[in-house]
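Before any comments, here is the structure.
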Amino acid sequence: MIGLARVKEAARGRGLLVLLLAGLCLAGAAETGRGLYVPAKAMAAQVLLERAFERSLANHTPQRPWAWADMTPLARLSVPRLGAARVVLDSGSGQAMAFGPTLLPGGAAFGKEGTAVVAAHRDTHFRFLRDVHKGDLITVQTREGLERRYRVTGADVVRWDRYAVPDAGAGERLDLVTCYPFDAVRHGPWRYVLHAERISS
Amino acid sequence: MPQSPAFRPLAFRGALIPAVVLALGAPAAVAVQSTAALAADEAEDAATDDGPAAGTLMLRGQGIAESLPAVRLGTDMDVTVTGQVARVRVTQAFRNTSGKWMEAHYLYPLPQDGAVDSLKMVVGQRVIVGHVQPREKARETYEAAKASGRKAGLVEQQRPNMFTTMVANVGPGETVLIAIEYQAPVTQANGTFSLRLPLVVGPRYTPPHTLTSAPAVEDANAVTAAPVLDPKVGSGLNPTSISVRLAPGFDVANLISRYHKVNITGPLDDRTVRLAESVPADRDFVLEWRSASADPTLGLFAQHTDKGDFVMASVTPPADLSNLPTPPREMVFVIDNSGSMGGDSMDEAKASLIHALGTLRPQDHFNVIRFDDTMTRLFDHSVAATPDQVALAKRFAESLEARGGTEMLPALKAALEDAGTGGGADALRQIVFLTDGEISNEREMMAAIGADGGRSHVFMVGIGSAPNDYLMERMSTFGGGVYTHVGTPAEVAAKMMPLIDVLSHPAMRDLSVRVEGGTLDLTPARLPDVYAGRPLVLVGRTGHLAGTLTVSGTIGGKRWERRVDLASALPSPAIEKLWAHRRITDIEADRALGQMEDAQADAEVERIGMESGLVTSRTSLVAVDETPSRPAGARLTREELPINLPAGWDFDTLFGHDAVQSRVGSDDLSAMQAQALDLPQTATGFVGMVGKGLALLLAGLAGFALLLRRRTA
């Protein structure tokens, strides 16, 4: 009868194992979904933001992209050579960055003397930064209808806490910031900063 | 972008904790790599996580000297050329200008085929003669003398063309002379003899993936030990004077110093060449000459010793004057655009490449690969050399900018990949490699050519004022090609022409060497590929020199044979050491090709080094003064002597970010105010999440599969 007991025990063990494996699969599916949700959200948000930006341009008032949004589109940033265009948001919070590049409050505003600093995620909205070269043209159109053209002067890699921007006196500048290295999976202390200065249109 | 950051996604590796992700990630990485085609930026994707991660300096461990050293060095080279061998005495004067007791380390180059056999240390009126000891033992002898306050000198080999002199306990205001002697064969091509004396070691790039063990790190440190003097501080460091007595045994004509101004005196068959003024050690000294008579005497020299007879024979096949059409070729050009190429070198490399592209014919196939720490293939596979494609390649070459590290191995492997599509199976497959060779993993390159060489012939074009001639010579010999050096932008056309000529004629076929009426232990053990006008130099050892040596082959469609009566050799005192050096080169080749274990190779090199009294990778020369000079209690300060940046190199490109930034701060933007700003975290890390999720899912499914199988079983 020892044999029967062993079979029973084995069956119970197998059931537990099946449960565990099912859990593992479920957790995996959930995590994958969560991961895939991020770029999906980033893309969908840009479409809504683009519409809101067009409305802002027409009405000359800030427009929310969706009813419960806590930020508004501020400007449209594009790199014509790469055909990349992104709607920049006015809140530099980490939540807003899931939807689009944001203008950091520490920097200057578009159209003002000083350096405007725009940050975005390196794996979604600012993935194209790696393809931007020295000499490339960046254009910015604000919701007030102001148009600015910038020329890329170079790039640096800096630690997040070792960065300083030229303030007023150096003319109108634009820095685009994202995490570095582009292909890293984990978060790190390095930031990739693309420098551009205004050129007259 | 100019200051290309040198960081690479190191973080990637850490995230791959679940083993399954590794399995998932590998094919993904391969997929990324294989798509690396036209656009340079795409190739950035392919940059593996092996890239430099140590900081903004692309050169690991290579420091910058911001001030002049306490110990000043002056070098004198006294050269005597007899027959086809140069005997060189290098005297290094270490002068301590400080008030402290000093130890100085100096890293310097010697010809890659030079055999160092003598060390003398001169202290005041006394001359101390050095002895050969196994490397570790010599180091101990030196350290013991250093600790006890006695003067000591040590000469170590770091690479066949790179040595370190260490001198300990140089008192305040004192000068210690270190004199080493070496001999090296004179090289010959198309009737021109040349002598190259390298004067400076170019800063080397160490690929991070080679730093796997403590000895590897120590080795990398040794070859990058010398800091480079910031050109803003001065450029005339390490003054060097050179005098050459040229008695080759025939009347000398067309005597040219390639890169330095010289004064020439004496009769035609015994010329004396002196540098017009002492020069900073920042570029190779090259002397070239021809014979005044049409046919120079045969290069056959012998030496009789107690250990046996040694003979050197250099046999030159005639110039290929055949009108045979050049077979269709597949040419793969590989161009180095790493940071060390910044300045004149990049221009030379581009001009050389464009020159070579211009010689392609429509029936040829070709491709261009550029590399720094990333790599781009212009075309996925070799394409027909139509005018459009060649024009595209020229534009591609024009657009290259020097930056980043020197990851040469992936580029070499890509070039060696033989798809067999470039012009068919009987096409001549040639790889033309343009680089300064400033890397520390030379052995990996040789191993790669040895393993994947196939039917490809590798031709090296050494670029710049001080290229790594050891790498060039070895890669071209392993690859069955030739080595050409382009030292200034002005000589691109002059130096590329002979190479183009070699490229359009296949190597000699059915090459064979026979000895009749005697025996001869010959080096090199593997016969290299021989081209028209370029000599095959054989060095042999035998109990008693007798008989004839026959070299034969087919060149230009014709049978060619040359017989040499060994008994008619001229005496030369240099052949024994030449033979020992050649033996070591053979052993190193076996090691690189994986035909000899490290330990066995080391032991063999040590044995030959001790027997012949040569400095090798395993043996060093050490000289110790018997009388203590540094008083007990006085401290000893160690100094790595800085070296000049090789002429034509661009300091800012090489040292990149830091150097450029400090200049931005001081010059053009000095009036600019800056405001500190913290930068937010800007990565969603969704790739990691997806990867983790998939890994979990896969693990679960795998578990189920296993369970199912067990149940059915």
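The values are calculated or read from the model by the stated rules, or taken from the named source; none is laboratory data. This one's a predicted model, so the numbers in the text were calculated from it and none came from an experiment. So basically every Cβ, Gly included, is an ideal-geometry build from the backbone, and we count neighbours across all protein chains shown.
A:Ala96 - would you say it is out of contact with any Phe, Trp or Tyr (no Cβ under 9 Å at 6 or more places or on another chain), within 14 Å of chain B (Cβ to nearest Cβ) and at pLDDT below 85? Yes. Residues of the stretch A:65-88 that are over 30 Å from A:Val132 (Cα atoms) and surrounded by fewer than 18 Cβ atoms within 10 Å (Cβ to Cβ): A:Trp66, A:Ala67, A:Trp68, A:Asp70. Criterion applied to B:Ala623, B:Ala659, B:Ala674, B:Ala634 was being farther than 25 Å from B:Pro227 by Cα, hydrophobic (A, V, I, L, M, F, W, C) and at pLDDT below 85, and the one residue passing it is B:Ala674. Just one of (1) surrounded by 19 or more Cβ atoms within 10 Å (Cβ to Cβ); (2) modelled with pLDDT under 85; (3) facing chain B (nearest Cβ under 7 Å) fails for A:Val177. It is (2). In summary, strands (runs of 3 or more DSSP E) completely within the stretch B:304-415 and bearing 1 or more residues that are outside the structural domain of B:Leu428 (by TED's automatic domain parsing) and touching a Pro at 6+ places or on another chain (Cβ under 8 Å) occur at B:308-315. Might you let me know whether the stretch A:48-70 holds any residue that is within 14 Å of chain B (Cβ to nearest Cβ), out of contact with any helix residue (DSSP H, G or I) (no Cβ under 6 Å at 6 or more places or on another chain) and in a helix (DSSP H, G or I)? Looking for residues that are within 14 Å of chain B (Cβ to nearest Cβ), out of contact with any helix residue (DSSP H, G or I) (no Cβ under 6 Å at 6 or more places or on another chain) and in a helix (DSSP H, G or I), one finds none in the stretch A:48-70, hence no.
Let's see how each residue does on (1) closer than 23 Å to B:Thr192 by Cβ; (2) of a type outside the set (Lys, Arg); (3) assigned to a strand (DSSP E or B); (4) more than 23 Å from the chain's Cα centre (by Cα):
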{"residue": "B:Phe250", "(1), (2), (3), (4)": "yes, yes, no, yes"}
{"residue": "B:Leu255", "(1), (2), (3), (4)": "yes, yes, yes, yes"}
{"residue": "B:Tyr259", "(1), (2), (3), (4)": "yes, yes, no, no"}
{"residue": "B:Asn263", "(1), (2), (3), (4)": "yes, yes, yes, yes"}
{"residue": "B:Asp269", "(1), (2), (3), (4)": "yes, yes, no, yes"}
{"residue": "B:Thr272", "(1), (2), (3), (4)": "yes, yes, yes, yes"}
{"residue": "B:Val286", "(1), (2), (3), (4)": "yes, yes, yes, no"}
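Looking across the stretch A:112-140, the residues that are under 21 Å from A:Ala42 (Cβ atoms), assigned to a strand (DSSP E or B) and more than 7 Å from chain B (Cβ to nearest Cβ) come down to A:Val118, A:Ile138, A:Val140.
Looking only at the stretch B:104-141, how many residues end up being among the charged types (D, E, K, R) and touching a Leu at 6+ places or on another chain (Cβ under 9 Å)?
Looking only at that region, the number is 4.
Selection within the stretch B:344-371: residues that are farther than 24 Å from B:Leu416 by Cβ and surrounded by fewer than 22 Cβ atoms within 10 Å (Cβ to Cβ). The member of this set that is farthest from the chain's Cα centre (by Cα) is B:Pro362. Just so you know, in the stretch A:150-171 the residues that are touching a Phe, Trp or Tyr at 6+ places or on another chain (Cβ under 8 Å) and more than 7 Å from chain B (Cβ to nearest Cβ) include one that is modelled with the lowest pLDDT, and it is A:Arg159. With respect to being more than 10 Å from chain B (Cβ to nearest Cβ), at pLDDT 85 or above and buried (at least 16 other Cβ atoms within 10 Å of the Cβ), A:Pro101 falls outside the description. For the stretch B:521-565, the tally of residues that are out of contact with any strand residue (DSSP E or B) (no Cβ under 8 Å at 6 or more places or on another chain) and either at positive phi or aliphatic (A, V, I, L, M) (or both) stands at 4. Checking each residue in the stretch B:93-117 for being closer than 19 Å to B:Val223 by Cβ and part of a strand (DSSP E or B) picks out B:Ala104, B:His105, B:Tyr106, B:Leu107, B:Tyr108, B:Pro109, B:Val116.
For the stretch B:473-482, the criterion of being in a loop (DSSP other than H, G, I, E, B), in contact with a helix residue (DSSP H, G or I) (Cβ under 6 Å, 6 or more places away or on another chain), modelled with pLDDT of 90 or more and crowded, with 22+ Cβ neighbours inside 10 Å is satisfied by at least one residue. Scoring A:Leu17 on the criteria (1) more than 23 Å from B:Gly688 (Cα to Cα); (2) more than 8 Å from every other protein chain (Cβ to nearest Cβ); (3) surrounded by fewer than 17 Cβ atoms within 10 Å (Cβ to Cβ) leaves a single failure, condition (2).
Comparison of A:Gly28, A:Gly33 shows that the only residue that is surrounded by fewer than 15 Cβ atoms within 10 Å (Cβ to Cβ) and within 14 Å of chain B (Cβ to nearest Cβ) is A:Gly33. Counting the residues of the stretch B:537-566 that are under 19 Å from B:Leu520 (Cα atoms), among the small types (Gly, Ala, Ser) and out of contact with any Gly (no Cβ under 8 Å at 6 or more places or on another chain) gives 2.
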